[in-house]
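K.L.:
Here it is, the structure, as structure tokens.
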């Protein structure tokens, strides 16, 4: 197993001690019991959280999606978590297909990268995900996930989602309805796209009497008082806009049980917990109320529920910001009620962004100063990412997720939290009560109390990755091994080479941990003992990406007006056209300079055709991120569509209904053989369309994809070829991030005649503030005479997040 950093460090232990000692009046034995159980859970399955800051909310084909990655420990959000490898992938929502994958190397819990959204990428809704191998021990609901939309140049409207069928759920406070005990019931309504739907309705008793009415107050949520009666059953109904009434199930009423009502809004320094019970034969019931913040015990309070119930006043001034999970335990130690509350002492970092002046001219140099301070105004050294976008093209989404809202709120809840930054806006006077609706309608489900109390927590199946993992199997004469076998591994690329040894287990499985390299490495594996080496065969296990859910009802997860979208698409198309012409001009210039005389190029005997409509030259860097040839082809050749991945991929060439003819080194083959090839063995891929494919007769009616391998080339160096008992291949490493290109328009430089309408004006993902809490950046604005939006996301080494925004005018 690889070396594992300790998730719980001295700072975390100090925080645990502080939280527990803040409530000395609690019962010591029960505090110790609960603390021990939660500590054991956290040491068994500690939590990591990933977050991505994107440069903008939507894109166009041909654009580049830039991201900054943050990884934290899950309880205190300390910036340097255990894993050094973060997987970031792009999922097409309609098909669930993994369109692209990056392996991001983290340093101190941060990293960055990009996705190039090539012209042939299918437009539509995508989800960008971020996760570590360790995070896969928990539910995929706790991966970082963000919806983005990729437009194409033909789109000029942003369609809206129709309401469709409504899903309405009711949530009794504390968890259940108990007969003859008055309580509160929260509710949430969503449409077919999973987004909030405003509703109005009522509740009927079995006799047909109306006993309650309800109306959503914020994003499909609300709550109402409810007094369930013994022996009654209830049904809820929603009034549609056309007058139609739709029935919905209502929670069952229990004859006995416990209820818990929490008031966290009336007093800024205390929360009030009111508990009731109905248990036959008992008039007094000892109970404990346990509060924990992301698995750290915050307090334990003891009391007795009598005929009039139990009321507790619990101080909140020492509680950490974020979600506090309250649980009511009965006298046997069984959890009987649960409730989430949100504590916000505004301890997040303050981020002040100041342009050197309020207004600039097109192509003028812009100077920005970003200052980061804590809640008391002291400067903070922190990691920071900065994005500046053209407001004339990019409409920032209302109350979009930021690092503070994600770490403190969304990361610990299942389901979609719409407009999460709204709940952190001090100008919104109703935000606290609306956030309490969120607490009542979403569950904190990282663990079950039953597993924690009974010590039945499932052990981790996946490990912490400090680097790239090489995993595979060895067979002898195509049969499983019956004993451990020693192996030698030689890894090399242009800048390094390394020899190492390893050993399989008794079943032939081997794993090499913590390889740290970028792009790709050439790998050579063979047995250590000469006797019987030639009978060995080696296979490497490909990366098994987590499954992605398919969104059956497509929607555009962005809001943008028609004119802004039209300008965005027009400018993007113009920018792509200019870039294409520059590339073509450079290619022509290069040919004119370098060609000194005519030289006859020998015809490749593997090609029946003179030239292809498109040729993809495969480089080690290109191949390093893909497991099959068709995965690599997707998005790189205009008109070629690849749906699915691996053996299940379906390929078509624009204008054809069926799949093309596949040709390998001049010989027609089936698709299965093409998908089974090692991508590092491929020299190039030719695509033939229409008349170009006619040379293959009727078989080429749907086009031709011709794969040319390195070994098929007559100039191939056979000294590097695979010999029996040896595996020679290449493996993918960490993504090498590109640098954002920002043009220089200095007064003394040459005038650039090309129009410049960048939608992302500037992107700086890896900034750090100094001891004075400040960082300064400079760049040149584009030709756009429209305002610029500035967004900054910040995280301190001690786990404090921050978000700031600003703007300046351009005329």
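K.L.:
Taking the stretch 702-736 on its own, how many of its residues are surrounded by fewer than 16 Cβ atoms within 10 Å (Cβ to Cβ) and modelled with pLDDT of 85 or more? Before you say what the answer is, go through the steps one by one.
P.N.:
First, the residues of the stretch 702-736 that are surrounded by fewer than 16 Cβ atoms within 10 Å (Cβ to Cβ): 711, 713-724, 736.
Subset that is modelled with pLDDT of 85 or more: 736.
Number satisfying all stated conditions: 1.
K.L.:
Can you pull out the residues in the stretch 276-317 that are over 33 Å from the mean Cα position of the chain (by Cα), at positive phi and part of a loop (DSSP other than H, G, I, E, B)?
P.N.:
281 - this is the single residue of the stretch 276-317 that is over 33 Å from the mean Cα position of the chain (by Cα), at positive phi and part of a loop (DSSP other than H, G, I, E, B).
K.L.:
Which residue, of 240, 318, 284, 331, is within 27 Å of residue 169 (Cβ to Cβ) and at pLDDT below 95?
P.N.:
Among 240, 318, 284, 331, only 240 is within 27 Å of residue 169 (Cβ to Cβ) and at pLDDT below 95.
K.L.:
Next question, about the same structure. Being within 23 Å of residue 46 (Cα to Cα) and in contact with a helix residue (DSSP H, G or I) (Cβ under 7 Å, 6 or more places away or on another chain), is that true of even one residue in the stretch 378-392? Quick ask: steps written out before the conclusion?
P.N.:
Applying the first criterion (within 23 Å of residue 46 (Cα to Cα)) to the stretch 378-392 yields none.
The answer is no; no qualifying residue exists.
K.L.:
Taking the condition farther than 22 Å from residue 435 by Cα and either out of contact with any strand residue (DSSP E or B) (no Cβ under 9 Å at 6 or more places or on another chain) or crowded, with 20+ Cβ neighbours inside 10 Å (or both), does residue 280 pass?
P.N.:
yes
K.L.:
Follow-up. Do we find a residue being in contact with a helix residue (DSSP H, G or I) (Cβ under 6 Å, 6 or more places away or on another chain), in contact (Cβ under 8 Å) with a residue 60 or more places away in the chain and closer than 22 Å to residue 409 by Cα anywhere in the stretch 265-287?
P.N.:
The answer is yes, given that some residue of the stretch 265-287 is in contact with a helix residue (DSSP H, G or I) (Cβ under 6 Å, 6 or more places away or on another chain), in contact (Cβ under 8 Å) with a residue 60 or more places away in the chain and closer than 22 Å to residue 409 by Cα.
K.L.:
Still on this structure, please answer the following. Filter the stretch 766-793 down to the residues that are in a strand (DSSP E or B) and more than 26 Å from the chain's Cα centre (by Cα) and list them by number.
P.N.:
Result: 774, 775, 776, 777, 778, 779, 780, 788.
To keep it simple, each residue is scored yes or no on (1) at pLDDT 85 or above; (2) over 19 Å from residue 614 (Cβ atoms); (3) surrounded by fewer than 20 Cβ atoms within 10 Å (Cβ to Cβ).
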| site | (1), (2), (3) |
| --- | --- |
| 629 | yes, no, no |
| 634 | no, no, no |
| 644 | no, yes, yes |
| 647 | no, yes, yes |
| 652 | yes, no, yes |
| 655 | no, no, yes |
| 660 | yes, no, no |
| 665 | yes, no, yes |
| 668 | yes, yes, yes |
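K.L.:
Say whether the condition of being touching a helix residue (DSSP H, G or I) at 6+ places or on another chain (Cβ under 7 Å) and farther than 30 Å from residue 350 by Cβ is met by at least one residue in the stretch 755-774.
P.N.:
Yes, the stretch 755-774 contains at least one residue that is touching a helix residue (DSSP H, G or I) at 6+ places or on another chain (Cβ under 7 Å) and farther than 30 Å from residue 350 by Cβ.
The values are calculated or read from the model by the stated rules, or taken from the named source; none is laboratory data. Keep in mind that what you see is a predicted model, and the values were worked out from it rather than measured. Methodologically, a virtual Cβ is constructed for each residue, glycine included, from the backbone with ideal geometry; neighbour enumeration extends over all protein chains shown.
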